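Here the structure comes first, spelled out in structure tokens, and everything after it is commentary.
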Amino acid sequence: LGLRYQADDQTSFRASVGRGFRAPSIAELFVSTNVTTSTVAIVPSPELKAEHSWSFEIGGTKNFEENAVWDVALFQSDFSDLIEAGIEFDSTRNSPVIRFRNVTQARIQGCESNIRTAFFDQLLSLDVNYTYTWPYDVNKKSVLRFRPRHVASINAVASYKEFTFGTDMRYISRVEAIDDDLVRLAPIIDGDLRVPVYVVDVRASTHCHEFGFPLKINFHVNNLFRYSYVELMGNLAPPRNYVLSVEGVF
């Protein structure tokens, strides 16, 4: 359920409440494998229940002339039967295993802000985003595991004739809490190592219409500065890599 109030031509306010659920994924239900960073197997969890949630948001949008928009919002989401991976002893295997479980009640509160602007008759556009969250485990009275507090990004795009150039910069704060039992008992090699994320990607693309070809060529350089960080416990994120793609445009 959502409500929107248009205060004037440049300003609007909104509020919403929603009820949702997330069914367990196929991987969470039926995966059965070993990971390279651990000697402990991941086993199926067919008894998993769906996560359920209530979400609330209030926010507003302000337009500044024709080339800038500011959007800000406060939000809260309450989750029940949250699904997380954990370690337990399996008597049939006589060894510890990793299994997905409905483990906790959680609340995530926070705010987000987004500014979109353009310069020089739309030749340069800029999109700045920041999100702060307070992820809280209601049962354990502690910070929710594997969730960062701060996420920020800056996306800049420059366009000239058939050419487009862009850069994406993102920051994710260091995760405060992880599953220490999983690191210790699995064991996951270097599973306790984690750092803030500072990553820069650059990209360029061009249309070949002027040369008589219905093609679009894209070139991406991901993780330009070869920053080393982990995406999952004990798993190093990809280093600098290059992606060249060609699309047919009709």
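The values are calculated or read from the model by the stated rules, or taken from the named source; none is laboratory data. The shown structure was predicted, so the numbers you read here are calculated from the model rather than taken from an experiment. So basically every Cβ, Gly included, is an ideal-geometry build from the backbone, and we count neighbours across all protein chains shown. Protein only, heavy atoms only, side chains kept; ligands, DNA and RNA dropped before computing areas. Shrake-Rupley method; radii C 1.70, N 1.55, O 1.52, S 1.80 Å.
Miscellaneous remarks
- Listed options for Rg and Dmax of the Cα atoms in Å are (1) 18.7, 55; (2) 22.6, 68; (3) 18.9, 67. The value calculated from this structure is the one marked (2).
- Pairwise FRET efficiency - Glu176 versus Asp90, Cβ, R0 = 25 Å, nearest 0.05: 0.25
- Each Lys or Arg adds one and each Asp or Glu takes one away; over the other residues whose Cβ falls under 13 Å from the Cβ of Ala50, this sums to -1.
- Carbon + sulfur, % of accessible area of the chain - ligands and nucleic acids excluded, 1.4 Å: 61
- Exposure rank, largest accessible area first [Lys140, Lys161; 1.4 Å]: Lys161, Lys140
- With K and R counted +1 and D and E -1, the other residues having a Cβ less than 12 Å from that of Val183 yield a net charge of -2.
- Modelled FRET efficiency - R0 45 Å, Glu57 with Glu231, Cβ distances, 0.05 increments: 0.95
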